[in-house]
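Student: Next up is a structure, given as structure tokens.
Since every read-out is calculated from the coordinates, none of them should be taken as a lab result. Just so we're clear, the structure is a prediction, and the values are computed from it rather than from any experiment. Every residue, glycine as well, gets a Cβ built from its backbone with ideal geometry; the counts of neighbours run over all protein chains shown.
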Amino acid sequence: MQSIRVVAIPTETVERVRATLRAPVYGFPAHAEVATDDAPCRHCLRAFKAGKDRRILFTYDRFAGIESLPQPGPVYIHEDACSRYSEDAGFPEELRGSPRTVEAYARGRRLLAQELVADSKFERLSKNSSPAGTRTIFK
Ligand SMILES: [Zn+2]
């Protein structure tokens, strides 16, 4: 059985975005604002407090450094420093209450499976057999 490992954006990437207000690799301008919803910060994986927390929106390639084919998309991080979520901490409890799409990839960024988890039982996905080299991404 393969356990779930949740990998947040690297701290050095987050610090660079905060310092430059530019997207890594692409250089697109990042946007800072007061949170308008409870989307998660992709560094600490905590939900933003709408109307209170400040956040930065930027373009991030979730396969950067892993695959040659990019897959950029928009992500939020806290504008102020926050602690990176530990890869060994299991599924973030704060995110369990909202539906998430889970994708499994093989090497070469080949999509093997995609599943919407709306019942908060993410651990059942780890009970499915996964081929070696599978990478699972949460959205
Ligand atoms: Zn954060």
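Student: Karplus couplings for the stretch 83-90 from phi (6.51 cos²θ - 1.76 cosθ + 1.60, θ = phi - 60°), rounded to Hz, Gly and Pro as x?
Tutor: 8, 5, 5, 6, 4, 9, 8, x
Student: Mind putting a number on the dipole of the stretch 11-138 about its Cα centre? Charges go on the C-beta only, +1 for Lys and Arg and -1 for Asp and Glu, and I need it in Debye to the nearest 20.
Tutor: Roughly 240 debye for the stretch 11-138.
Student: Which of the GluC sites (Glu not before Pro) across the stretch 43-107 are loop residues per DSSP, with 11 or fewer other Cβ within 10 Å?
Tutor: GLU87
Student: log10 I(q)/I(0), Debye, Cα-only the chain, no solvent, q = 0.21 Å⁻¹?
Tutor: Scattering profile of the chain, log10 relative to I(0): -1.40.
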